[in-house]
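For reference, the structure discussed in these notes is given below.
The values are calculated or read from the model by the stated rules, or taken from the named source; none is laboratory data. Every value quoted in this text rests on a predicted model; they were computed, and no experiment measured them. Cβ atoms come from the backbone with ideal geometry, glycine included; neighbour counts cover every protein chain shown.
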Amino acid sequence: MTIKQPSYHTNMKIEPWICPSLLAGDFGDFRQSAIKAQNAGADALHMDVMDANFVPNLSMNSDVVAMARSAVSIPLHVHLMMIRPEFYLEQFIQAGAHTLTIHIEARGDIPALLRRIRALGAHPGITLNPETPFATLAPVLELVDEVLCMTVHPGFGGQRFMPEVLPKINELHRRRMIKPGVCAFRLAVDGGVDETTVSQAAQAGADVIIAGSALFRAADMSAGVDKMRRVVAEAHAAHACSTI
């Protein structure tokens, strides 16, 4: 099986990524859920790893990531909701993570950990919780390929989208476009994203859309993926026209 390794970002024009979140899949058959996401046209498969410490829940380990890597060829977008991610970077990247995001709120030397992720061959990403201000990212923005804004409190799926995070997403979007013709990092959103809230996230500037229940529980997952991709593309086109 050939693993797809798309260019992560090259310039200001970047295609939307729609990433179904495996946390909303069938816990009794994650393999089939991963295949379902790929067959539906997903750009990547999002995987939440929880340590029951940083968040009050426990979920996937690196074996689940390795299983998904063997089942699908799309990139694996792995989010470590862990208080001490430094102990696990290598095993998740070896298991097949294409993108590995850690939290700015985690313990340890975060800049050093992001450099380590890149050295190990994955795209480094940084995640921030809803209440965490934009300013906390200043020391790491030059080190990441992606910033993931949580629009729910991490730990459980099926929560309500928090629109109060949208101004922060928009601020990050403006920050990454400072250099003409260059997109410094991709901007992801996760939490309560559905066919309605995806438009709000895209209008704020998000281009990596992570959705769980809205896609895995849809009557037609392929149609759901296509619709989200179209909404994001249209929002970005409208934003580009408004700034000309």
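Is there a residue being in contact (Cβ under 8 Å) with a residue 60 or more places away in the chain and over 21 Å from residue 50 (Cα atoms) anywhere in the stretch 155-164?
Let us first name the residues in the stretch 155-164 that are in contact (Cβ under 8 Å) with a residue 60 or more places away in the chain, namely 155-158.
Checking which are over 21 Å from residue 50 (Cα atoms) leaves us with none.
Scanning the stretch 155-164 turns up no residue that is in contact (Cβ under 8 Å) with a residue 60 or more places away in the chain and over 21 Å from residue 50 (Cα atoms).
So how many residues does the stretch 53-102 have that are in contact with a Leu (Cβ under 9 Å, 6 or more places away or on another chain) and at pLDDT below 95?
Residues that pass the stated criteria total 3.
Scan 108, 155, 121 and give me the residue that is at positive phi, surrounded by fewer than 21 Cβ atoms within 10 Å (Cβ to Cβ) and touching a Lys or Arg at 6+ places or on another chain (Cβ under 8 Å).
Working: 155 fails: touching a Lys or Arg at 6+ places or on another chain (Cβ under 8 Å); 121 fails: touching a Lys or Arg at 6+ places or on another chain (Cβ under 8 Å).
Selected residue: 108, the only one of 108, 155, 121 that is at positive phi, surrounded by fewer than 21 Cβ atoms within 10 Å (Cβ to Cβ) and touching a Lys or Arg at 6+ places or on another chain (Cβ under 8 Å).
What do you reckon, is residue 81 closer than 22 Å to residue 189 by Cα, crowded, with 16+ Cβ neighbours inside 10 Å, within 18 Å of the chain's Cα centre (by Cα) and in contact (Cβ under 8 Å) with a residue 60 or more places away in the chain? Full working, then the answer.
On the way: closer than 22 Å to residue 189 by Cα: yes; crowded, with 16+ Cβ neighbours inside 10 Å: yes; within 18 Å of the chain's Cα centre (by Cα): yes; in contact (Cβ under 8 Å) with a residue 60 or more places away in the chain: yes.
Against the criterion (closer than 22 Å to residue 189 by Cα, crowded, with 16+ Cβ neighbours inside 10 Å, within 18 Å of the chain's Cα centre (by Cα) and in contact (Cβ under 8 Å) with a residue 60 or more places away in the chain), residue 81 qualifies.
Among the residues of the stretch 45-71 satisfying the criterion of being in contact (Cβ under 8 Å) with a residue 60 or more places away in the chain and of a type in the set (A, V, I, L, M), which is farthest from residue 222 (Cα to Cα)?
The extreme case among them is 55.
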